[in-house]
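Quick notes on the structure that follows.
No lab work stands behind these numbers, since they all come straight from the coordinates. None of the values given here were measured: they were computed from a predicted structure. Cβ coordinates were reconstructed from backbone atoms using ideal geometry, including for glycine residues, and neighbour counts include every protein chain displayed.
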Ligand SMILES: [Zn+2]
């Protein structure tokens, strides 16, 4: 049987399981129910110092069911696909629902919002690489980093990951949808040493298709270059300064935005962007959108985790917040409609500006280029932001020296309002696409 | 007390009609190539959680997991496969996959012998069954009421109760055959307060390897509710935090996350075997001020980070990492210990059967010193007093670490004065403890809330410390 045929058969099996789960729930008296089943297998290999270090064969599966007895809800999940275990799981969910309270906002998403077309989003491209070939690729990748410079003194190695799987979701509205997907990556992390101090950096490439991956030598070399650039890092004094978040870490700021405009933060009044719908939160040159249906996209999906059809939407238009990101529960609580964001966002992007990173550095003049963030110091209720950072000090648009052991602090609301420019050096390895981001001013704490 | 290996056998092997001879057979198959060591890790777990929000029990979840992980090691190479089906054919198949790490070689033979752990640090109970569903719900409602009655400014209360029952069994080619039954409960209260258009949050919780009675005893859960509100109200008054390097006094207990990030991760065996840690090759060197003694102790009865045996079947230990300022030892699992020519310290841990064991911390804390906490604060002219923290992170290679304060105050002329907003503190692991100038006599461990992440695997841990004065630490506020 071909790989494609095998997947079709497997998908039919998982769809049958979803049907069985929903049927079992109905038999136990549930007024409605929803279920998701997934199955994934893959290979993770790590190579270090020119030889294989670990080979992990992964095979994960799981199913989850949520039952509703009118307005009472219960959920259960398991990794055990034996028929009796599946029955036990549905029973456990029903048992939970005996004790939860009536919640007027709970339930399935509205039936008229279910996805009716399930386009092939071109997400499944298995990679039939043997462990031996993967090891060779890892060795090539790591060697490119190690031979770059004799200051590269040690290595954490190179990693090759290839996973593919199936995800099926269905509910008692009669909706059922599923699709196979794949994801492959190659990464490298090496250590450099200078004057007794060690630094580490890494690089990786990721894609739905193995052919989309960057060349192994290029990945290794980039990891090595990045490590070398950090050697001789030092602390700087405490100051107020403009800051650029380099594109590979800038997605974190957009994740903070997503968190703040997500339904669960809003109805809990746990967001610094409460009551900001229709108001400017960025300068008027900023556009942020979601495009869930991009073929082959890392975040693509035609329906959200409740079966609601996804659609293109403008989140920030000319700096103004146009929509919250809601699933059906938070939408009902807020008296609004689901935006097909139950379970998160699908391909978020900020429209690139005209300059590359070099251009942004010139625009900044003197300031800090941030290339690594540490810790979780973000208060989503107030927007207060204080995190560890490393990067480079920049003068007259030119990188001067690497910087470490500092923090950067501010308030996200002000940082968004002070987003002066977006680079065109788009980071494409993530569900969130962004160029480097220039922020007018933040507080750096150091010596 | 019932025998944990017997419970493990009945839970994990009996339903699949697996005998110990079957395990010998799988092990023999594993050892038929150039495999030095191999192990099987059986696990069955049940997890239950309940969430109260907006005054109602909004959600509950029940999770059933089981499976077996098969690991084969040849020199520095590890092969790993797992299956969620506990049955002989799946085990043999996983074994064939895992042993492919070595391509040719000699035969090996193992006979498993039961090893009894020296002591059980927690009762082999199923914590999910230690309270009825009605009682769990009543407890959550009480927490909601308790939080709301503290102050009219409380707008939102989210309270949760979680219990996990984990039964594991380890069979290894060194003859190990051990089982463990691990209860774990956790309770948390999160509140949002609002006044004059300003909102803030506070959070408190605890847990242990016990039943739910833990939360009733000493009114612990109600205290979490009161504490969450207190923290939120303090933060409502907080001003901008200072920015720059200054004297910092860390409170006792949970601020011990400092030790976990600054010292702990850098002393894990794998990073030191590979030479990627800033502490590599520094045993015997002075890495902390005199008087600083730090241990990793998996042997504390009932604590969240404790283990009767680790996930390789090794009884946990109390390992002295730093003694009177000198670096003494690393934390080891079997694999890294073997390669470094030493023994496992009982720190081999894994998130589940589907993950490889790694050297991990248990309960990491600093032993108490001489100073009264009041005396420590009085000794500081100007600085920061930080008593509650969120998460932290470390780069073990450069040694730089962060941890984020969620409740902190200014110290002005030896007195704790105004509360300041949350701020991240950053320092260098091999240097920060050399800046410790006073150690309190008030050692406390955290309330049982810690979770540590490493290479994508989460495990429960504990931390603790007495009040500490650190002369130079960078505080990441906005007030430059
Ligand atoms: Zn940790």
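Across the stretch A:181-339, the volume of the C-alpha convex hull divided among the residues equals 170 Å³ per residue. Just to be sure I understand: if I project the alpha-carbon convex hull of the stretch A:313-434 onto a plane and average over all orientations, what area do I get in nm²? Quarter of the Cα hull surface area: 8.9 nm².
For the protein assembly as shown, the percent of C-alpha pairs falling in each 10 Å distance bin, counted from 0 to the bin holding the largest distance, reads 2, 11, 20, 26, 25, 13, 3, 0. With R₀ fixed at 41 Å, the C-beta to C-beta distance from residue B:218 to residue A:218 puts the FRET efficiency at about 0.10.
For chain A, dividing the convex hull volume of the Cα atoms by the residue count gives 156 Å³ per residue. If one puts a single equal scatterer on every Cα of the stretch A:233-447 and applies the Debye formula without solvent, what log₁₀ I(q)/I(0) results at q = 0.09, 0.10, 0.11, 0.14 Å⁻¹? Result of the Debye calculation: -0.36, -0.44, -0.53, -0.84. Percent of alpha carbon pairs in the stretch A:1-103 separated by more than 16 Å? Cα-Cα pairs of the stretch A:1-103 separated by over 16 Å account for 63 percent. Here the stretch A:3-230 is described by how far its Cα atoms reach on the three principal axes: 69, 40, 34 Å, from widest to narrowest.
Note: relative contact order over chain B, using C-alpha pairs below 8 Å and six or more positions apart, is 16 percent. Label separation (residue B:134 vs residue B:155): 3.7 nm, computed from points 7 Å beyond Cα along the C-beta direction. Comparing A:107, A:278, A:296 in a Gaussian network model of chain A where C-alpha atoms under 10 Å apart are linked, the largest mean-square fluctuation is found at A:278. Cα centroid separation, the stretch B:143-212 to the stretch A:373-447: 33 Å.
Over the stretch A:3-230, what is the mean sequence separation of C-alpha contacts under 8 Å (at least six apart), divided by residue count, expressed as relative contact order in percent? Reported as a whole number, the value is 21 percent. Can you compute the label reach from residue B:412? Point 7 Å from Cα along the Cβ direction, backbone N cut-off under 18 Å, restricted to the stretch B:459-478. What the label zone holds, given the 18 Å backbone N cut-off, is B:477-478.
Over the alpha-carbon set of the stretch A:375-447, divide Rg by the Kirkwood Rh and report the Rg/Rh ratio to two decimals. Looking at the stretch A:375-447, the ratio lands at 0.98. Across chain A, C-alpha contacts under 8 Å between residues 6 or more apart give a mean separation that, scaled by the residue count, equals a relative contact order of 14 percent. In plain terms, the chain from residue A:441 to residue A:118 could stretch by 111.8 nm, reckoned as 0.36 nm per residue minus the Cα-Cα distance. For chain B, dividing the convex hull volume of the Cα atoms by the residue count gives 143 Å³ per residue.
Helical content alone sets the calculated 222 nm signal of chain A at -8000 deg cm²/dmol, taking -39,500 (n - 2.57) per DSSP H segment of four or more residues and averaging over every residue. Calculated over the stretch B:392-480, the projected area of the Cα convex hull averaged across directions stands at 7.4 nm². Mean residue ellipticity, 222 nm, helices only, chain B: the sum of -39500 (n - 2.57) across DSSP H runs of n ≥ 4, divided by residue count and rounded to 500, is -5000 deg cm²/dmol. Kirkwood-type hydrodynamic radius, the stretch A:123-199: 15.5 Å, calculated from all non-identical alpha-carbon pairs.
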